[in-house]
Each structure stands twice: as structure tokens, then as C-alpha cells.
Amino acid sequence: MPIPLQIRVQSAATQLLYALPRPVRRLIAGKPVRIDGQELALDAQLLLRLQQLSGTSLVNGDAVSSRAALDGSRHLVSGPVIEPVGTRELAIPAAGADLPATLYTPLGLPEPSGLLVFYHGGGFVVGSRKSHDNTARFLARHAGVRVLSIEYRLAPEHVFPAAADDAVAAFDYAHAKAAELGADPERIAVGGDSAGGNLAAVTALVTTRRGGPAPAFQLLFYPTTDSTLRRRSRELFGDGFFLTDEHMTWFVDHYAPEGSVDRSDIRISPLLAEDLTGLPPAYIATAGFDPLRDEGEAYAQRLKDAGVRTALSRQEDLIHGYANFLGVGRRFREATAEAAGALRVGLSVPAGIDPADITK
């Protein structure tokens, strides 16, 4: 589908803005923002300023309108389509209905390779394979793996546990069909951002507890891990930093309606699981100016305490959603490239190597 003229003009204007000399960009963005001993990156502050000036928001009215707005706005920040990456459309059998999926394969990648089963973010309500297309391409290229991006069912049309069930079904499909996907069944990771990070963590937990097969690695970008408790980062960064406190309430009310869903269920709040031993190694990235920061870091600590090899990387100068902002500035790509490196190593390290070394 052609990109609307208005979006193309706005995208060109955004690129020009980021190409301005740093002092000019600083003037437009405003004085440096410092909270909790952290300073917001200029790239992130400028993006927030543009969001403020344009009046755009992650949530725009109802679920359908919010999805359409996100799919349109991705062209402003995701950058040119990353090539050369081949794509193949698939349908994954699941309990509710077949799940559309896209398999991304970097040009020249031999078989069998590592594979990432990727779940997009969006609060379980918005987001799609399209909104995360360049993120999937970036990870495939820079990690040297195949990426299977999943279109799981969204709320409010499909409330919990639909997304969690779909996530597990997608991993099971990838493992069972590894040869057809060009993948090594022993080198399949799960990953995602925000709500997708939650689904990846839940998939690792559920598949491990049932006795396998289970993922070889977890790649979790700023995951939501506990829907029962408000942590300090939500109070500090709940307004003005892309993902807001109001958005978080809106998302969880759609996915896990209060009174009809137990939000302490570990398939919603994996942080509350009593036993996390035996889970696959994990790379967990958090953003310093993110309401979800503290629960992501609490999950990383729980994994470490359980003896799970875990690398925690706080990108202290960034905001929620940075893995989708690959087309503006440099800082977002730098942080996402570190995660891609972690994935590359995580699917190739011998047993006994600590993935925490990845970030050193």
C-alpha cells in the first residue's frame, strides 16, 4: 500500500530536523531533562517534542482507531525498509484461528540457522507485524538469524489468555517445523517488546514448566511483567515520555478486564511465578525514562536469583518503544544493535558462557 503523501512529507521533515546541527536540535527540544540521576538523550527528547507539537499519541480513541494511527505513524520513525531481507508469509495453526506470520531471512543466511519467534508490542491491543516490520528486519540482519514475526490475537476482541495461548502455539509451531523454516530446533529464541516481551517471557515460562521443548534464549525489550503493582518508575515517568500511566491502564483494562481476569496469573504477570529456575538465558533491556523500567529490572533480578543466566541492560537515556524508532537519530539504533548482538551470541554461545558478558 502506498504511503500517504502527508505521511511522506512529515517523514521528510522529521529527517531534516534530525539532520540539523546539534545546537539547533537542542534549542528545539528544550533544556536537558534529568530525572532519577539520568539525562534523557537528545534524540529521544526531540522525538517527544515532535510528538507534543503534532498532538499524536500512542492511544487515539478506541482500539481500531489507535491501531490505524500506529500503523500510519510508523513511517515517520521506523526508517527506510531494511534490505536485503527476504520475506515469506505463513499461517500458524492455533486454537482460535490460524495466526498470520512473516518469516524474515537475511540474504545469504545458510540453513539451519538460529531463529527468533518475535511478538510485537502494543499493550495487547495495538501493534502488528507491519508496525514492527523494520524492527524484525533489523534484528534479522544484525543478529544473523531468521525471524518469525507473529500476528497474535488482540484485545478487546480477544481478552486474556488469547494472546498468551497464541504465543505458545507460535513457538511450538516454530520448533515442530524448524526444518521447513530453515532453522535449527535447538537454537530457537523468543523475543518481543513491551507486551511482546511479556508474551516471550510467558512462553519461556510455560514451555519450561511443562517439560519442553522450550526456547534456547529470551530477548526481552522493556517487558511488562507484573500487572498487579505500581512501581516507582511508573510514578516518575508516567506522563510525557511516550508510554503514559493512562495508556498502561487503558491497555490492561482491555486485555485483562478487572473483575473477570486474575491479573496475578503468571501468564499475565510472570514476575509473580514462585519458581523461575531452569528458564532459558535472557537478555532484558529496559529504558531509563520508561514507566515499565522497574518491573523489567525486577524480573531480571528474579531470574538471576533463580540461577538463570541473565544480562540486564538499562538504556538509561531512552524512552519506551525505542526499538521502533530506528529511522531517526542514532541513539535508538545503537541500543537496538546491542540487543541484536546479544541475540546473535545467545543463539551461538556454548553452555556455561554467561550472556551478561554480551553487554560488557
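The values are calculated or read from the model by the stated rules, or taken from the named source; none is laboratory data. Note that the coordinates shown come from a computational prediction; the quantities given were computed from them, not determined experimentally. Every residue, glycine among them, receives a Cβ derived from its backbone with ideal geometry; neighbour counts consider all protein chains shown. Heads up: the accessible areas ignore ligands, DNA and RNA and are worked out on the full protein's heavy atoms, side chains in. Shrake-Rupley method; radii C 1.70, N 1.55, O 1.52, S 1.80 Å.
Numbers at a glance
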quantity: Whichever residue in the stretch 255-283 is acidic (Asp, Glu) and touching a residue at least 12 places away in the same chain (Cβ under 8 Å) and, among such residues, is surrounded by the most Cβ atoms within 10 Å (Cβ to Cβ); calculated: Asp265
quantity: Index of the failed condition, Leu220 passing every other in (1) in contact with a helix residue (DSSP H, G or I) (Cβ under 9 Å, 6 or more places away or on another chain); (2) outside any loop (DSSP other than H, G, I, E, B); (3) open to solvent by 20 Å² or more (accessible area, probe 1.4 Å); (4) touching a residue at least 24 places away in the same chain (Cβ under 8 Å); calculated: (3)
quantity: Some residue of the stretch 284-297 being surrounded by fewer than 19 Cβ atoms within 10 Å (Cβ to Cβ) and either closer than 30 Å to Asp43 by Cα or under 20 Å from the mean Cα position of the chain (by Cα) (or both); calculated: yes
quantity: Residues being of a type outside the set (S, T, N, Q) and open to solvent by 40 Å² or more (accessible area, probe 1.4 Å) - total across the stretch 77-107; calculated: 14
quantity: Qualifying positions in the stretch 298-330 - open to solvent by 50 Å² or more (accessible area, probe 1.4 Å) and assigned to a helix (DSSP H, G or I); calculated: Gln301, Arg302, Lys304, Asp305
quantity: Failed condition for Gly37, given (1) loosely packed, with under 12 Cβ neighbours inside 10 Å; (2) farther than 24 Å from Glu316 by Cα; calculated: (2)
quantity: Some residue of the stretch 43-64 being part of a strand (DSSP E or B) and either of a type outside the set (Lys, Arg) or within 22 Å of Arg293 (Cβ to Cβ) (or both); calculated: no
quantity: Residue in the stretch 49-56 that is touching a residue at least 40 places away in the same chain (Cβ under 8 Å), out of contact with any Gly (no Cβ under 8 Å at 6 or more places or on another chain) and buried (at least 20 other Cβ atoms within 10 Å of the Cβ) present; calculated: no
quantity: The stretch 163-195, residues that are without any contact (Cβ under 8 Å) to a residue 40 or more places away in the chain, open to solvent by 40 Å² or more (accessible area, probe 1.4 Å) and part of a helix (DSSP H, G or I); calculated: His175, Ala176, Glu180
quantity: Test: residue in the stretch 152-161 that is touching a His at 6+ places or on another chain (Cβ under 8 Å), open to solvent by 20 Å² or more (accessible area, probe 1.4 Å) and either farther than 18 Å from Pro110 by Cα or touching a residue at least 24 places away in the same chain (Cβ under 8 Å) (or both); calculated: yes
quantity: Set Phe138, Phe118, Phe124: member being buried (at least 22 other Cβ atoms within 10 Å of the Cβ), of a type in the set (Phe, Trp, Tyr), in contact with a strand residue (DSSP E or B) (Cβ under 8 Å, 6 or more places away or on another chain) and closer than 29 Å to Arg293 by Cα; calculated: Phe118
quantity: Filtered residues of the stretch 248-273 (kept if assigned to a loop (DSSP other than H, G, I, E, B) and at pLDDT 95 or above); calculated: Ala256, Pro257, Asp262, Arg263, Ser264, Asp265, Ile266, Arg267, Ile268, Ser269, Ala273
quantity: Test for Leu20: is it without any contact (Cβ under 8 Å) to a residue 60 or more places away in the chain, under 17 Å from Val328 (Cβ atoms), part of a helix (DSSP H, G or I) and of a type outside the set (Asp, Glu); calculated: no
